[in-house]
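Trainee: Dropping the structure in here first, questions after.
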Amino acid sequence: MILIVTPLTAAALTILYVRLALDVIAIRKREKIGLGSNGNEILERTCRAHANLTEWAPIGLLLIAVLEMNGAPYWLVALPAIAFVAGRALHPKGLTSLETDAFKQRVLGMQLTIYATIALACLNILWMVYRFFSG
């Protein structure tokens, strides 16, 4: 079986991960802060955005990969995968901005991430029950 959704999702999350890491590096270099945030709110927010992706990406990718490897239709895997990636992309935009309107992006990013993760967990359970009883 060739995986399609999982590697595309992993690639998208990796690009986002590297982008967030480069943002942290740029702020550290500009502000001459080697460790921690030294009270710099933008650096703190940028570090948290990077760390938050690091916390969520593994479970999302695992659930996507398991569902796809167990033979779920690509569309069934792709829909929550797209929502997961969209959530992970929106969250740091809202977290790293000091503008009040940006908070809405953060909340939407959190909602997409959480709902997609719950959907993936449920789909994995339902797909295995379906596979067990159908053949």
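Values quoted throughout were computed directly from the atomic coordinates according to the rules given, and no laboratory measurement underlies them. Since the structure is predicted, the reported quantities are computational estimates derived from the model, not experimental observations. In this analysis, Cβ positions are derived from the backbone assuming ideal geometry, glycine residues included, and neighbour counts consider all displayed protein chains.
Trainee: So in segment 83-135, with the set limited to residues that are of a type in the set (D, E, K, R) and part of a helix (DSSP H, G or I), which one is farthest from Leu13 (Cα to Cα)? Walk me through it before giving the result.
Mentor: Going through segment 83-135, the residues of a type in the set (D, E, K, R) turn out to be 88, 93, 99, 101, 104, 106, 131.
Of the ones still in play, those that are also part of a helix (DSSP H, G or I) are 88, 93, 104, 106, 131.
Working: Arg88: 8, Lys93: 15, Lys104: 21, Arg106: 17, Arg131: 29 Å.
Only one residue tops the list, namely Arg131.
Trainee: Also: Select from segment 101-135 the residues that are surrounded by fewer than 15 Cβ atoms within 10 Å (Cβ to Cβ) and touching a residue at least 60 places away in the same chain (Cβ under 8 Å) and list them in ascending order.
Mentor: Arg131 - this is the single residue of segment 101-135 that is surrounded by fewer than 15 Cβ atoms within 10 Å (Cβ to Cβ) and touching a residue at least 60 places away in the same chain (Cβ under 8 Å).
Trainee: Tell me, please, whether a residue that is under 18 Å from the mean Cα position of the chain (by Cα), polar (S, T, N, Q), surrounded by 16 or more Cβ atoms within 10 Å (Cβ to Cβ) and more than 21 Å from Met1 (Cα to Cα) can be found in segment 54-76.
Mentor: no
Trainee: Could you check, for segment 9-30, whether at least one of its residues is among the aliphatic types (A, V, I, L, M), surrounded by fewer than 19 Cβ atoms within 10 Å (Cβ to Cβ) and either at positive phi or not in a helix (DSSP H, G or I) (or both)?
Mentor: Checking segment 9-30: not a single residue is among the aliphatic types (A, V, I, L, M), surrounded by fewer than 19 Cβ atoms within 10 Å (Cβ to Cβ) and either at positive phi or not in a helix (DSSP H, G or I) (or both).
Trainee: Determine which single condition Leu35 fails, assuming it passes every other condition in (1) closer than 20 Å to Arg106 by Cβ; (2) surrounded by fewer than 15 Cβ atoms within 10 Å (Cβ to Cβ); (3) not aromatic (Phe, Trp, Tyr).
Mentor: Among (1) closer than 20 Å to Arg106 by Cβ; (2) surrounded by fewer than 15 Cβ atoms within 10 Å (Cβ to Cβ); (3) not aromatic (Phe, Trp, Tyr), Leu35 violates only (1).
Trainee: Go through segment 34-55 and count every residue that is without any contact (Cβ under 8 Å) to a residue 12 or more places away in the chain, of a type outside the set (A, V, I, L, M) and on the phi < 0 side of the Ramachandran plot. Reasoning before the result, please.
Mentor: Our first condition is that a residue be without any contact (Cβ under 8 Å) to a residue 12 or more places away in the chain; within segment 34-55, this holds for 34-39, 44, 51, 55.
Remaining after also requiring of a type outside the set (A, V, I, L, M): 34, 36-39, 44, 55.
Next, from what is left, pick out any that are on the phi < 0 side of the Ramachandran plot: 34, 37, 44, 55.
Of the residues in segment 34-55, 4 are without any contact (Cβ under 8 Å) to a residue 12 or more places away in the chain, of a type outside the set (A, V, I, L, M) and on the phi < 0 side of the Ramachandran plot.
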